[in-house]
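Just below is one structure, and these are the notes that go with it.
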Amino acid sequence: MIQVAAQPTRLLTLFPATVVGVAAMVGTGVFVAWNPAYHYAGSWLLLALLIAAGVASFNALSNARMARIFPVGGGGYVYGRECVSPVAGQLAGWFFLVGKAASASAAALAIGVYVLPEHQKWVAVASIGLVFLINAMGVRYSVRAMVILLSGVLTVLLSLLVVTSLQSPEPDFAALKSPQGPVGVLAGAGILFVAFAGYARIAVMGSDVEQPQRTIPRAMGVSLVVVLVLYSGTAMALISFPDSMEWIAPVEYLAREVHYPGFAISAAAALAAGSALFALLAGMGRMVGAMSLGGHLPRRWGVVNNRRVPVVAEAGVAVILVGVTLAGSISINLALSAIFVLGYYGVIHLSSMSRIAYAHAPVGRGIRWGVPLLGLALNLSVVTAILVVSW
C-alpha cells in the first residue's frame, strides 16, 4: 500500500550509521579514484590525499553542526532553505543530486570494470537495478546488505595490504610522474575528496537516525578516521608499484604484482561499489523526497511505501543513473561529482555562517567562524583547480 510521505522510523544507531558512511566512502574511491587523481597530482599524490581529508573534515564539521540543529532528512537542502534562502536550499538539493548521480554512476561502472570490463556498462546498469530492488525493501535491509558487503571488502583490502607490505620495495617517489603544479595537486585532491564524501549520506538520512544530534557527528568522525587510515595504506602500497596507477583498475594491477588472487580483488571491488550504490541511492531518494515535501519537486515523488521508503523518488533516481552511466565514464563522473558535491558543501558552510551571525543557536565547542570560512575557501579552490586542469 502506498502512503503519503511521512518521517521514516528512526532505526540507525551509531554502528549502522557509521557503516552507511564508511560503505559510501570505501565503495568507489579506494578502487578507481587513484588513476584520475594521479593523472593530476603525480608524485604529490599523498599530499593530495591529505588535502582531500582536510577538505572533508571541514565540510564534516559544518555538516555535523547543522545536522544537530536540523535532525531531519534532506541535509544541505534543509539547511540552505532554513538558514540562507529557498534558492540556496534548491541549489544545495540539485548540487547533491547531480554530484551523487555522477558518483553513483562511477560506483556502478567500477563494478563493471573489475568484474566484466568488456561489458562494463551493462553490468553497471544491472547493478543499479538490483540495488534499487533491495533498497525498496527498507532501510533495515539496505544497512544489513551494506554490513555484509563492507565486511568482505575490508577483509580483502587489509589482507592485500599485509601481503604487499611483505613483498613490495620501498616507495619510489622518483619513479612517479611529475604533478601538474599546485593546481594539479588541488585537482587531484578534488577527485580523492569524492572518495571521502560518503559521510554526507549519514546527514541526508537524518530522519532514519536514532538520537541524530549525538549519533550523526560521531558517525561522521569515525567514518573519516577509518577511511583515511585505509586510503593512506592503499596509497603507499600503490606508490611501491608506480605502474599500477596508470591503470583504470590500479588495485587489481597491484594484486597481480604481489601474486594476490585476482578474483578476490574483483569480488571486493564489486562488493565495495555495491555498498556505495546502496548508500548513494538511499541518500538521493531521501533528498528527492525532502525536496518534494518542500514544494521544489512534484509532491507525488515524496510518497513512501509500507516500509517507509520513498520508492517513487528512488525509482526516478535509478532511471537517471542508468542514463548517466551509459553516457559517461569513471574519470568524467568523478570530476563532475567533485564539482557539484563541493558546491553542495559550500551551501552548508554558508548555512553554518548564517546561524553563527544571527545567533539562532549555540555555536558549539570548537565551531567558530574559521571552520565554515576556511571550508568554503578550500571548496572554491578545489573546484577552480578541477575546472582549470580539465579545460
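Within 10 Å, count the other beta carbons around each residue, average over each peptide in 338-351, 272-285, and list them highest first. Can you show the working numbers first?
On the way: 338-351: 26.0, 272-285: 29.6.
Ranked by mean Cβ neighbours within 10 Å, highest first: 272-285, 338-351.
Distance between the pseudo-spin-label points of Ala264 and Leu14 (7 Å out from Cα toward the beta carbon): 3.2 nm.
For the chain, the solvent-accessible area of protein heavy atoms averages 38 Å² per residue (probe radius 1.4 Å; ligands and nucleic acids excluded).
Which order, highest average first, do 54-62, 104-112 follow once you tally other Cβ atoms within 10 Å for each residue and take the mean per peptide? Please list the in-between numbers first.
Details: 54-62: 24.2, 104-112: 30.6.
Going from most to least packed, we get 104-112, 54-62.
For mean projected area of the Cα convex hull in nm², the value computed from the atomic coordinates appears in the list (i) 22.9; (ii) 17.3; (iii) 20.6 under label (ii). The distance separating the Cα centre of segment 317-335 from that of segment 215-250 comes to 23 Å. Cα centroid separation, segment 69-99 to segment 264-313: 16 Å. Net length available on complete extension from His296 to Glu257 is 8.9 nm, with 0.36 nm assigned per residue and the Cα-Cα distance removed. Along the axis of the charge dipole computed for the chain (Cβ charges of +1 for Lys and Arg, -1 for Asp and Glu, origin at the Cα centre), the listed residues Val185, Pro169, Gln211 are led at the positive end by Gln211.
First measure r as the distance between the Cβ atoms of Leu130 and Leu50, then evaluate 1/(1 + (r/R0)^6) with R0 = 30 Å and state the FRET efficiency to the nearest 0.05. Calculated value: 0.25.
Determine the share of segment 16-119's accessible area contributed by carbon and sulfur atoms, expressed in whole percent, with a 1.4 angstrom probe. Write out the running numbers ahead of the final one.
Numbers: 1860 of 2620 Å².
Carbon and sulfur atoms account for 71 percent of the accessible area of segment 16-119.
Take the Cα of Glu170, step 7 Å along the line toward its Cβ, and report every residue of segment 227-266 whose backbone nitrogen sits under 15 Å from that point. So the set is 240-241.
The values are calculated or read from the model by the stated rules, or taken from the named source; none is laboratory data. Just so it is clear, the structure is predicted and the values come from calculations on it, not from any experiment. Please note: Cβ atoms are built from the backbone with ideal geometry, for glycine as well, and neighbour counts cover all protein chains shown. To get the accessible areas, we keep the full protein, side chains included, count just its heavy atoms, and leave off ligands, DNA and RNA. Shrake-Rupley method; radii C 1.70, N 1.55, O 1.52, S 1.80 Å.
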